[in-house]
Amino acid sequence: MTSQPMQASAEAQPNIALVKYWGKRDGALNLPAAGSLSITLDALHTRTSLRFDPALADDDIRLNGERDAAQTRKIGAFLDLFRARAGIATRARVESGNDFPTGAGLASSASGFAALAVAADHALGLGLEPRALSVLARRGSGSAARSIFGGFVAMAAGTRDDGEDAFATPLLDAAAWPLRVVVAITTRKKKAISSRDGMDHTRDTSPFYRDWVATADADLASARVAVQARDFEKLAHVSEGSCLAMHAVMLSARPGLIYWNAATLECIQCVRSLQAEGTGVFFTIDAGPQVKAVCLPEHAARAADALRNVAGVEDVLVSGLGAGARIIGTET
Ligand code: PMV
């Protein structure tokens, strides 16, 4: 392995699902119970530097400048997938940072594992195709499989037990339909229940879980058509429907999972008022209290102004759609 650089830096952006995934068909391989469709953002970044170093006895992993035993185990296990492919056991030093709040429903795990997958592939000289990187990124976090690609992205649930057909595919470039996303941040606190635990709890206790999973195929088909036709109203209709159905199944778990706060609901009402006056905007919300308002480019400023004035909104970020995960250097 000495001919390989053994180090790389990568950057990736979070993605926001418009057709949501919530539930796994296999926990160990992190296989989604249903497909999903997302947009990759351009304004929020994870930057990750990785170096495999024979002098290290253990992986040394710092996220936003801090070491955490649970995260180190999780990321170490993820790196093992790459070490196994390269036939090495060498430990690694990882430094990863986000320029946005981590673990607060802004998809930091998506950009984090996508950046790490791309960096590990490059550092070890594996030369994996984007599809294989998407399969591997999925092992870290279901949504990370989508951040390998930019623009509009579809994720397949697949049917194989080994998960090799559960990967994301690019649908449409960011430049082909340059929507904007206004992110209304209603708290910077970390969420209390991780997506993984929340999904398991929902599957195990909600009387509506099967019905929720059964909505995905039709929603995916409509969203694909809407994206291909650049039909904003159709995309708005299916996306809000998928988001609210996901939150409905979360609420119906026992005990119910409530990721929203009061400002989340105020933001939804604000988006509804904007829609009533003809603004091209719709909302979507993940496993957290932040509201993402997807807008036609010419309506983003209006939506950002309105959401900034909602009581309880701490900050508003405006993003375009961006590129997939990529190498930014081989120096660490
Ligand atoms: O990426 P995960 O496995 O932590 O789960 C993501 C779940 C949602 O963000 C709520 C929905 C989605 O499809 O991204």
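The values are calculated or read from the model by the stated rules, or taken from the named source; none is laboratory data. Just so we're clear, the structure is a prediction, and the values are computed from it rather than from any experiment. Virtual Cβ from ideal backbone geometry, glycine too; neighbours counted across all protein chains shown.
List of remarks:
- The residue that is farthest from the ligand (Cβ to nearest atom), among those in segment 37-57 that are in a strand (DSSP E or B) and of a type in the set (D, E, K, R), is R51.
- Meets criteria (touching a strand residue (DSSP E or B) at 6+ places or on another chain (Cβ under 6 Å), hydrophobic (A, V, I, L, M, F, W, C), farther than 18 Å from G142 by Cα and in the same structural domain as G158 (by TED's automatic domain parsing)) for L63: yes
- Within segment 189-206, the residues that satisfy the criterion of being hydroxyl-bearing (S, T, Y) and either on the phi > 0 side of the Ramachandran plot or away from the ligand (no atom under 13 Å from the Cβ) (or both) are T205, S206.
- When residues in segment 58-92 are screened for being part of a strand (DSSP E or B), over 24 Å from the mean Cα position of the chain (by Cα) and farther than 17 Å from D121 by Cβ, 1 of them pass.
- Some residue of segment 198-217 being closer than 11 Å to L18 by Cβ and either surrounded by fewer than 15 Cβ atoms within 10 Å (Cβ to Cβ) or touching a residue at least 40 places away in the same chain (Cβ under 8 Å) (or both): no
- Residues of segment 1-36 classified as at pLDDT 95 or above and away from the ligand (no atom under 14 Å from the Cβ), total: 5
- A301 being in contact with a Phe, Trp or Tyr (Cβ under 7 Å, 6 or more places away or on another chain), outside any loop (DSSP other than H, G, I, E, B), in the same structural domain as S273 (by TED's automatic domain parsing) and at pLDDT 95 or above: no
- In segment 153-165 there is no residue that is within 16 Å of the ligand (Cβ to nearest atom) and either free of Cβ contacts under 8 Å to residues at least 40 places away in the same chain or acidic (D, E) (or both).
- Within segment 317-332, the only residue that satisfies the criterion of being modelled with pLDDT under 95 and either assigned to a helix (DSSP H, G or I) or touching an Asp or Glu at 6+ places or on another chain (Cβ under 9 Å) (or both) is T332.
- Residue under evaluation G151, criteria (1) under 16 Å from the mean Cα position of the chain (by Cα); (2) more than 30 Å from A303 (Cα to Cα), criterion not met: (2)
- Candidate set: segment 116-127, residues that are in contact (Cβ under 8 Å) with a residue 24 or more places away in the chain and over 18 Å from R73 (Cβ atoms); chosen: the one surrounded by the most Cβ atoms within 10 Å (Cβ to Cβ): A119
- Hits in segment 166-188 (condition: aromatic (F, W, Y) and more than 16 Å from the ligand (Cβ to nearest atom)): W177
- Candidates A226, A306: the one that is free of Cβ contacts under 8 Å to residues at least 24 places away in the same chain and surrounded by 18 or more Cβ atoms within 10 Å (Cβ to Cβ) is A226.
Every residue, every condition in (1) among the hydroxyl-bearing types (S, T, Y); (2) surrounded by fewer than 16 Cβ atoms within 10 Å (Cβ to Cβ); (3) more than 25 Å from G322 (Cβ to Cβ), yes or no:
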{"position": "A17", "(1), (2), (3)": "no, no, no"}
{"position": "K24", "(1), (2), (3)": "no, no, yes"}
{"position": "N30", "(1), (2), (3)": "no, no, no"}
{"position": "F52", "(1), (2), (3)": "no, no, yes"}
{"position": "R73", "(1), (2), (3)": "no, yes, yes"}
{"position": "S96", "(1), (2), (3)": "yes, no, no"}
{"position": "A110", "(1), (2), (3)": "no, no, no"}
{"position": "A114", "(1), (2), (3)": "no, no, no"}
